[in-house]
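To keep things clear, I will list the structure first and then write my remarks on it.
The values are calculated or read from the model by the stated rules, or taken from the named source; none is laboratory data. Bear in mind the structure is a predicted one, so any value in this text is a computation, not a measurement. Please note: Cβ atoms are built from the backbone with ideal geometry, for glycine as well, and neighbour counts cover all protein chains shown. Just the protein is used for accessible areas: all its heavy atoms, side chains included, with ligands, DNA and RNA removed. Shrake-Rupley method; radii C 1.70, N 1.55, O 1.52, S 1.80 Å.
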Amino acid sequence: MSSSRENWGSKLGVILAVAGSAVGLGNFLRFPVQAASNGGGSFIIPYLIAFLVLGIPLSWIEWTLGRYAGILRHGTSPSAYDKIIDRPWGKYLGSLGLLPPLFIIFYYVFIESWILAFAWYSLTGKLMAVVQAGEITEFFRNFISLNEKIGSIPAAILFFAITFVCNMVLIFLGVRKGIERANKISMPILVIMGIILVVRVLTLPDIGKGLAFMWNPDFSALLEPRIWLAAAGQVFFTMSLGMGIVFCYASYTKRHDDIVLSSLSAGSANAFAEIILGSTIVIPLAILILGSNIEECAKLGTFGLAFQSMPLVFGKLPLGSVFMTIWFFMLFIAGVTSAISIIQPLISFCEDDLKISHNKSVMTIGLISLVGGIIAIAGNAAGAIDELDFWGGSFLLVVLGAVQALVFAIVLGKKRKNRDSVAFELLNCGSAIKLPRIFRIIIRYVCPAALLTLLVAWIFHDGLNVLLMNNIDPKAVVSFFGCEFSQKSFVLGFRIFLLALVGLLNAAIWYAWKSGRAQKHRRIA
């Protein structure tokens with residue numbers, strides 16, 4: 001097998017790919033829920049501050065570490081950390097960079113398939129009929145519990161299969177022909193669909209009531225720490241930081257590509273999709289139609305907003321079926337671009353460290369994600385997706401972000417004699433604009449301190465209850481593949497399953513080094 005690696009075909013390609021990984025369900029669903037739950041305009045101010053002092057610097061950190069890995073012809077953190085830390089345990093610390101995509105992909109494709117199904121039901125008119133009959137909640141419940149069928153096949157299973165195949169085909173085509181081309185086509189379509197919906201919302205009578213909620217902040221609310229914590233968490237989640245995605249995508253850049261400007265461009269595109277498109281479409285429209293019940297809608301969570309509240313909102317608009325169809329197809333495009341980005345770090349690990357061919361890597365990861373997806377589907381009602389989302393989509397993101405910030409600041413950020421540090425030299429290499437000095441201070445000192453503080457505060461605020469399963473009713477009974485368990489027993493068993501996956505991943509890393517498959521490279525001095 002050739003040791004050459006693919007590169008992005010163009011600067012626009014890498015920007016759209018990274019933007020595509022970030023612009024996903026978090027922009028159009030999670031952000032409106034967070035904003036509605038935290039005072040609307042009062043949430044925007046901490047969000048923008050967190051974006052500037054945490055999101056952008058952390059993005060630069062991950063781009064730089066990815067470039068370091070790419071120079072070593074690797075796309076994931078085990079090899080990069082092995083060389084950066086220069087200790088035998090470095091590669092195992094790097095396994096943290098593969099756990100979030102591994103856990104997230106188990107359920108993300110499943111949720112992505114829900115969106116495709118609802119897009120189809122919107123297009124055929126069935127969803128509008130369900131809304132007008134006042135049965136949307138029951139319909140959604142039947143769909144996710146596999147009781148809604150097409151012929152004799154559960155509809156959720158059929159759409160899962162279609163979505164799974166679509167993702168795997170794009171990954172099979174590779175970085176340039178698959179990921180880059182898909183984002184070049186889909187991202188402009190997504191923006192056009194978003195603008196159509198924004199224009200429709202802004203031309204509604206009395207829409208000012210909804211806009212006022214988003215853009216008239218209550219400054220006294222800024223004294224509440226929970227709003228700042230929620231804003232920082234949203235920035236972290238929506239920019240795909242700590243997932244290993246930006247790290248992997250940056251590894252496919254050329255050594256003299258401008259990653260400072262590329263990172264800013266991708267981050268700005270994500271912020272545009274989140275604030276201008278996501279918040280303008282969902283919150284003002286929901287307030288106009290549902291009145292003061294926006295906080296109640298937010299309590300339904302991300303899925304309740306997407307699959308129950310928004311169909312009700314569109315159902316009360318002229319041509320509502322058309323706009324509902326655009327809404328769900330826009331969400332599906334956002335889901336596809338994010339899903340393929342989540343899968344790619346795992347593919348890169350197989351290719352770069354285990355030296356498996358591209359085709360076999362796709363089949364291997366496809367099989368693993370298929371098995372994990374089936375387990376997530378079967379265990380959805382029992383809490384499997386909640387577990388995967390907590391560990392892969394929340395806890396590990398903060399942990400990996402803190403590790404990356406510390407590695408950048410302490411190991412690569414040391415100034416060398418008569419030369420800049422490795423970290424800032426790699427970051428500034430090829431850039432049209434040099435990194436402002438204030439951001440050097442933020443990256444080296446503010447980011448690590450902020451992330452460690454966020455991690456500690458999060459563990460004591462929410463994490464301990466989840467770790468100790470205090471949030472689970474001890475009398476609750478759930479079903480998994482036809483067998484009944486107490487929910488606590490199921491969750492404990494599922495966590496043991498996840499720990500087994502962690503062990504298998506680290507065994508694969510050990511094998512890659514023991515067998516000599518992982519290439520030996522010197523550190524970048």
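Quick look at the values:
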quantity: Listed peptides 96-108, 457-469, 438-450 by packing density, highest first (mean Cβ within 10 Å); calculated: 96-108, 438-450, 457-469
quantity: Where the Cα pairs of the stretch 58-130 fall when distances are cut into 10 Å bins, in %; calculated: 18, 29, 19, 15, 13, 6, 0
quantity: Set of lysines near K126 by C-alpha distance (under 25 Å), chain-local residues within fewer than 8 positions excluded; calculated: K149, K316
quantity: ³J(HN,Hα), Karplus 6.51/-1.76/1.60, whole Hz, each residue of the stretch 52-64, x for Gly, Pro; calculated: 6, 9, 10, x, 5, x, 5, 5, 4, 4, 5, 4, 5
quantity: FRET efficiency, 1/(1 + (r/R0)^6) with R0 30 Å, evaluated for E6 and S515 via beta carbons; calculated: 0.80
quantity: Modelled FRET efficiency - R0 22 Å, A432 with F172, Cβ distances, 0.05 increments; calculated: 0.05
quantity: Cut-off 14 Å between beta-carbons: net charge of the residues surrounding F494, Lys and Arg +1, Asp and Glu -1; calculated: -1
quantity: Segment R73-L264, extension gain: residue separation times 0.36 nm, minus the distance between their alpha carbons; calculated: 66.3 nm
quantity: Dipole magnitude of the stretch 18-466 about its Cα centre (Cβ charges: Lys, Arg +1; Asp, Glu -1), debye to nearest 20; calculated: 1500
quantity: Apportionment of accessible area to carbon and sulfur, the stretch 1-127, percent (1.4 Å); calculated: 64
quantity: Spacing of the two label points (7 Å from each Cα toward its C-beta) at R141 and I85, in nm; calculated: 4.8
quantity: Computed label-point distance, nm, for sites K475 and V322 using a 7 Å Cα→Cβ extension; calculated: 5.3
quantity: Total formal charge among the other residues, if their Cβ is under 15 angstrom from that of D389, Lys/Arg +1 and Asp/Glu -1; calculated: -2
quantity: 5 angstrom amide H check on K149, placed H, neighbours 5+ away; calculated: A155
quantity: Pairwise FRET efficiency - F272 versus A133, Cβ, R0 = 56 Å, nearest 0.05; calculated: 0.90
quantity: 1.4 Å probe accessible area per residue over the chain, in Å²; calculated: 40
quantity: Residues of type aspartates and glutamates that K355 reaches as a straight line, Cα spacing below 15 Å, ignoring anything fewer than 8 places off in the same chain; calculated: E6
quantity: Rough spin-label spacing in nm, given labels placed 7 Å along Cα→Cβ, for L501 and T364; calculated: 1.7
quantity: Cβ-based net charge around K184, under 13 Å, with every Lys or Arg adding one and every Asp or Glu removing one; calculated: +3
quantity: For the stretch 178-184, 3J(HN,Hα) per residue [Karplus equation, 6.51 cos²θ - 1.76 cosθ + 1.60, θ = phi - 60°, Hz, x = Gly/Pro]; calculated: x, 5, 5, 5, 4, 6, 4
quantity: Amide H contacts under 5 Å for F480, placed H, 5+ residues apart; calculated: F485
quantity: Cα-based convex hull, the chain, per residue volume (Å³, whole number); calculated: 149
quantity: Segment I189-T203, length gained on full extension (0.36 nm per residue, minus Cα span); calculated: 2.9 nm
quantity: Whole-Hz couplings from phi, Karplus 6.51/-1.76/1.60, listed for the stretch 67-73; x for Gly and Pro; calculated: 4, 4, 5, x, 4, 7, 6
quantity: Helix-derived mean residue ellipticity, 222 nm - over the chain, DSSP H n ≥ 4, -39500 (n - 2.57), to 500; calculated: -20000 deg cm²/dmol
